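The values are calculated or read from the model by the stated rules, or taken from the named source; none is laboratory data. Here the structure is a predicted model, which means the values were calculated and not measured. Note: ideal-geometry Cβ built from the backbone for every residue, glycine included; neighbour counts use all protein chains shown. For accessibility, only protein heavy atoms count, side chains too; no ligands or nucleic acids. Shrake-Rupley method; radii C 1.70, N 1.55, O 1.52, S 1.80 Å.
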Amino acid sequence: MQDALHRDGLTPTTRRLLELIERIGFGRIENLWVRSGEPSFDPPPRVLRDLRLKPGPSAPATNRPGELKDQFVQLMRLLRQLGDGVVELIEVQNSLPFRVVLEEPQLPTSAPSPTTQQRKHSR
């Protein structure tokens, strides 16, 4: 990645999501609403933390202070592409987003064909 994104350039709600993901470590974020490409915490998402009782790998450190990992950059791109909608699930592993489940928008129903319209009026 040529231009590394930094925490300083994040919006407050995006920074809040990053901090939530880092705090969870292992777990899931469900039903995160997105408005205008930004995470929204109204209504609050459901956050599930997966606690491990055995020692596991520690969270990886970033290469440079404040530089975001590629997984988080990919998540932000997905949110911008979504625009408005709901992220059903963000699965977090090693303090990084690992898996995202999005509900696909409903396709508009097609308008009745002209022949269907003509049949209705000819009766």
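Can you tell me how many residues in the stretch 1-21 are open to solvent by less than 40 Å² (accessible area, probe 1.4 Å), within 13 Å of the chain's Cα centre (by Cα) and closer than 17 Å to GLY83 by Cα?
Selection size over the stretch 1-21: 2.
Residue-by-condition table, conditions (1) of a type in the set (A, V, I, L, M, F, W, C); (2) in a helix (DSSP H, G or I); (3) in contact with a Gly (Cβ under 6 Å, 6 or more places away or on another chain); (4) open to solvent by 80 Å² or more (accessible area, probe 1.4 Å):
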| position | (1), (2), (3), (4) |
| --- | --- |
| ARG23 | no, yes, no, yes |
| ARG28 | no, no, no, yes |
| ASN31 | no, no, no, no |
| PRO43 | no, no, no, no |
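Considering each of ASP84, ASP70 in turn, give the residue that is of a type outside the set (A, V, I, L, M), open to solvent by 100 Å² or more (accessible area, probe 1.4 Å) and at pLDDT 55 or above.
ASP84
Go through the stretch 84-100 and report how many residues are closer than 14 Å to LEU32 by Cα and assigned to a strand (DSSP E or B).
Qualifying residue count, the stretch 84-100: 11.
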